[in-house]
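Colleague: The structure's right below; bear with me while I get my questions together.
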Amino acid sequence: MNHPAQLAVPAIPAIPAPAPAAGVRHTEGYIDAADGQRLYWQGLAPAAPRAHVVFLHGYLDHSSRYAHVFDAFCAKNIAVHTYDMRGHGKSQ
């Protein structure tokens, strides 16, 4: 009996976050969830942000792939807070 070929889904490589622009502070760490899983978070903030945005990445993605978006927010003096959802990026 012939079986259809299984499709291999390539893993999305972890991309290190580029260095933030001058005057932007980058913080990062882990949150321990109630079930013991560790979730990676990061934030980028200009010296005196006028607003804050929480950014959620898409399916099969991770937060560090959006550094160009975070840079655009910070250039407008808006802080960005984000995390990698379970099983994505640096989260478990």
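Colleague: List the chymotrypsin sites (Phe, Trp or Tyr not before Pro) within the stretch 19-92 that fall in a DSSP loop (any state other than H, G, I, E or B) and whose Cβ has at most 10 other Cβ atoms within 10 Å.
Modeller: Working: sites: 30, 40, 41, 55, 59, 66, 70, 73, 83; in loops: 59.
Answer by residue number: 59.
Colleague: Between beta-carbons, use under 13 Å as the cut-off and find the net charge around residue 67, counting Lys and Arg +1, Asp and Glu -1.
Modeller: The answer is -2.
Colleague: Here is a follow-up. Please give the contour-minus-distance gain from residue 55 to residue 68: 0.36 nm per residue of separation, less the Cα-Cα distance, rounded to one decimal in nm. Please report the intermediate quantities before stating the final value.
Modeller: Working: separation 13, 0.36 × 13 = 4.68 nm, distance 1.26 nm.
Going from the current span to full extension adds 3.4 nm.
Colleague: Could you go through the stretch 22-35 in sequence order and give the Karplus-derived ³J(HN,Hα) for each residue, using 6.51 cos²θ - 1.76 cosθ + 1.60 with θ = phi - 60°, rounded to whole Hz, and x for Gly and Pro?
Modeller: 4, x, 10, 9, 9, 10, 7, x, 10, 10, 8, 6, 4, 8
Colleague: What does the charge count near residue 38 come to, summing +1 for each Lys or Arg and -1 for each Asp or Glu among other residues with Cβ under 13 Å from its Cβ? Provide the component values of the computation, followed by the final result.
Modeller: Working: positive: 86, 90; negative: 28, 32, 35, 84.
Neighbour charge sum, excluding residue 38 itself: -2.
Colleague: Tell me, what ³J(HN,Hα) does each residue in the stretch 36-52 have, in order and in whole Hz, if you take phi through Karplus 6.51 cos²θ - 1.76 cosθ + 1.60 with θ = phi - 60° and put x for Gly and Pro?
Modeller: For the stretch 36-52, the Karplus curve yields x, 6, 9, 10, 7, 10, 8, x, 10, 9, x, 4, 9, x, 8, 7, 10 Hz.
Colleague: Local charge sum around residue 21 (other residues, Cβ-Cβ under 13 Å, Lys/Arg +1, Asp/Glu -1)?
Modeller: +1
Here, each number is a calculation from the coordinates, and none is a lab measurement. Owing to the predicted nature of the structure, the values given are computational and were not obtained by experimental measurement. We place every Cβ from the backbone using ideal geometry, glycine too, and count neighbours over all the protein chains shown.
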